[in-house]
Amino acid sequence: MTTSPAVTVSACFVGIDVAKQHLDCAVLPQAHTSQFTYDPPGLQALGAHLQALAPKLIVLEATGGLERPLVAELLAANLPVAVVNPRQARDFAKATGQLAKTDRLDALLLARLAQQVQPRVKTAENPQRQALADLVARRRQLLTMRTMESNRRQQASAKVVRCSIDSVLKLLDRQIDQIDRQVSDTIRQDPLCQQIDAILRSVPGVGPATSAMLLSHLPELGRLNRQEIAALAGLAPFNRDSGQWHGQRCIRGGRASVRCALYMATLTAMRCNPLIHAMAHRLKAGGKRFKVVITACMRKLLTILNVMVKTQSHWNPKLVPSNP
């Protein structure tokens, strides 16, 4: 029995370039492009267009939150969508020799990326997790502003300038306290988040800020193995070997916000967490540089947290394996 040719051409792949005012949609293998306005009527028309196509995969770039209404619309329509890092898309363009850049060409490029790479499909977002992610991101922005103002105060010589900066610092402190309360309330409103938060905060070194960051920006915690979760956070060392030459292993990529939170938690854990403290002491005794020590301890802490969330178990140094 022969397979009908229609079966091989039925699967189509879609790339969508997201802009503030419009959405450029490209479909492969037909190489057809179309444009929709980025507003409720345009999203409705795009959804109907894609429903008729029944694509195997839709790919678009992360654009700092501009893509969220589109992603929510596609997920609500049960369409398979993947959101990729813009750097991955540009690297793919360079690899394929595409140097020109327009909205239409970008949409076609994303369709080709969907067809040839087929990145992982995004799952439906929990509204509570999304609200938590927005709050955590806002908290980081406020902390950055507070640091900038504190640095400016050190350089200010005029009393009136210092008074102005002090007023801003007090306002930022109140805003940060308010965000912290809202973060706690948001976590308490979701039973699953509350359960995972209790597990994470049972580990010496992990406080409420780190727990909130992991909950909001690393939802895969507990669902992946230790290699995958380390790579996702940008804590997996990559080989740099060629022939007889063996380069130094180093980390790269991953989620910088998660890595920053783990860095601060690990500094504390190296003092008060017996497992992390012992590992740091062993590495230092072996002559390892601080950067190597802290990175290894961060990866160790993350894999321990991953195991605990996966097994739904609270901290117990006697039960946590030395190499999870």
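Brief remarks follow.
- The residue that is nearest to PRO219 (Cα to Cα), counting only those in the stretch 169-194 that are among the hydrophobic types (A, V, I, L, M, F, W, C) and either more than 21 Å from the chain's Cα centre (by Cα) or surrounded by fewer than 16 Cβ atoms within 10 Å (Cβ to Cβ) (or both), is LEU192.
- Looking only at residues in the stretch 96-119 that are assigned to a helix (DSSP H, G or I) and without any contact (Cβ under 8 Å) to a residue 40 or more places away in the chain, the one that is farthest from LEU79 (Cα to Cα) is LEU105.
- When LEU143, LEU105, LEU110, LEU132 are checked against the criterion of being over 23 Å from ASP24 (Cβ atoms) and surrounded by 16 or more Cβ atoms within 10 Å (Cβ to Cβ), a single residue qualifies: LEU132.
- Per the listing VAL84, VAL59, VAL121, the residue uniquely under 29 Å from GLY254 (Cβ atoms), touching a Phe, Trp or Tyr at 6+ places or on another chain (Cβ under 8 Å), of a type in the set (Val, Ile, Thr) and surrounded by 14 or more Cβ atoms within 10 Å (Cβ to Cβ) is VAL59.
- Close contacts from the stretch 257-281, counting a first residue that is surrounded by 14 or more Cβ atoms within 10 Å (Cβ to Cβ) and a second that is among the hydroxyl-bearing types (Ser, Thr, Tyr), with Cβ to Cβ under 8 Å and a gap of 6+ residues or different chains, come to ALA261/THR210; LEU262/THR210; MET264/THR210; ALA265/THR210; LEU275/SER322; ILE276/THR266.
- Residues in the stretch 79-95 that are within 20 Å of SER34 (Cβ to Cβ) and either assigned to a loop (DSSP other than H, G, I, E, B) or of a type in the set (Phe, Trp, Tyr) (or both): LEU79, PRO80.
Here's the yes/no breakdown for (1) outside the structural domain of VAL71 (by TED's automatic domain parsing); (2) part of a helix (DSSP H, G or I); (3) closer than 30 Å to ILE304 by Cβ:
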{"residue": "VAL121", "(1), (2), (3)": "yes, no, yes"}
{"residue": "ALA133", "(1), (2), (3)": "yes, yes, yes"}
{"residue": "VAL136", "(1), (2), (3)": "yes, yes, yes"}
{"residue": "ARG140", "(1), (2), (3)": "yes, yes, yes"}
{"residue": "SER157", "(1), (2), (3)": "yes, no, no"}
{"residue": "ARG162", "(1), (2), (3)": "yes, yes, no"}
{"residue": "LYS170", "(1), (2), (3)": "yes, yes, no"}
{"residue": "GLN178", "(1), (2), (3)": "yes, yes, no"}
{"residue": "ILE196", "(1), (2), (3)": "yes, yes, yes"}
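- Of the numbered criteria (1) assigned to a helix (DSSP H, G or I); (2) outside the structural domain of ASP173 (by TED's automatic domain parsing), the one LEU66 fails is (1).
The values are calculated or read from the model by the stated rules, or taken from the named source; none is laboratory data. As the structure is a computational prediction, the values presented were derived from the model and not from experiment. Backbone-built Cβ (ideal geometry, glycine too); neighbour counts: all protein chains shown.
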